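The values are calculated or read from the model by the stated rules, or taken from the named source; none is laboratory data. In this text, all values refer to a predicted model and were calculated from it rather than measured experimentally. Cβ atoms come from the backbone with ideal geometry, glycine included; neighbour counts cover every protein chain shown. Protein only, heavy atoms only, side chains kept; ligands, DNA and RNA dropped before computing areas. Shrake-Rupley method; radii C 1.70, N 1.55, O 1.52, S 1.80 Å.
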Amino acid sequence: MIIKNTKELDILREGGKRLAAVLVEAAKAAKDGITTKELDELAEKLILKTGGKPSFKGYKVHGAPMPYPGTICISINEEVVHGIASDRKLKNGDIVGLDIGMWYGGLCTDTAMTLAVGPPSGGATALISATKKSLEVGIAQVRPGAKLGDIGFAIQRYLEKEGFGVVRELVGHGVGKAVHEEPEIPNWGKKGEGDELSEGMVIALEPMTTEGNFKVKLAKDGWTWVTRDGSRSAHFEHTLVVTKTGAEVLTRI
Ligand code: MF3
Ligand code: CO
Ligand code: CO
């Protein structure tokens, strides 16, 4: 586990704030009729304008057919995460996950949100708000001495009580010097199990939920994760640092 020093934290703080602003701006453009490619280009422009560099572009994952081609992962409806921009147009009634990462001053942060395009269709508000809340439930567990299992347990208990599925294949992670660092942070688990958090660790928590069954699979493009039952999915993510007493979220606006 990499502990970040004060100077690095200052950089991550500034980068995280800027990235949060970029995500908010990009989210405003996620309206009926825009193509996901246009959204991706906008996100890249905003990142460059704020002095950063996209961290996902060119990112390689073992087994993927190509490096990730985009700046922002755009995942629509039954797509869970890592959707790739294309000529597809967003339309009213869609729910859209936007996940974005940025290098700034040599360090990177990672954040995501899910929104409804136009008036939310049946159940979308409940799915999105429970997922958003589950991220806060996870963050509330963060403090030195807490176990990774405490975070996963709290997120899973909350989401299952709300009637949603918790995706297992994808997890939160350390972040900062690389897009993904140790440790892996599942959104499920048992209280008191797993590694211990310590002050100065920088992690990304990112619950992914499903309206139906929690099982997911990789789509043919080799990047996009989709629900097996075709039910909709939502995702929220923040990068945070473990402080003396709890957590400081770096990607809040
Ligand atoms: N943002 C994803 C995460 O939250 C990682 C995306 S990697 C990419 O961990 F290559 F798909 F962009
Ligand atoms: Co992310
Ligand atoms: Co992440």
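Key figures for this structure:
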item	result
Whole-Hz couplings from phi, Karplus 6.51/-1.76/1.60, listed for the range 116-128; x for Gly and Pro	9, 8, x, x, x, 7, x, x, 5, 4, 5, 4, 5
Protection proxy ranking of 110-119, 5-14 - average other beta-carbon atoms within 10 Å, highest first	110-119, 5-14
Surface/4 of the Cα convex hull for the range 42-83, nm²	3.5
Kirkwood Rh in Å, taken over all unlike Cα pairs in the range 155-253	14.7
Point-charge dipole on Cβ atoms (K/R +1, D/E -1) for the range 140-248, about Cα centre, debye to 20	300
Inter-centroid distance (Cα atoms) of the range 193-253 relative to the range 100-171, Å	5
Exceeding the 23 Å Cα-Cα cut-off - candidates Lys132/Lys161; Lys17/Lys60; Lys28/Lys161; Lys60/Lys132	Lys17/Lys60; Lys28/Lys161; Lys60/Lys132
The range 170-213 - accessible surface per residue (Å², probe 1.4 Å)	39
Solvent exposure ordering (accessible area, 1.4 Å, most first) of Leu240, Leu46	Leu46, Leu240
Over the range 143-187: Kirkwood hydrodynamic radius from C-alpha pairwise inverse distances, Å	11.6
Along principal axes, Cα extents of the chain, largest first, whole Å	46, 42, 35
Relative contact order (percent, whole number), the chain, Cα cutoff 8 Å, 6+ residue spacing	23
Gly172 long-range amide H proximity, modeled H, under 5 Å	Ile185, Asn187, Glu206
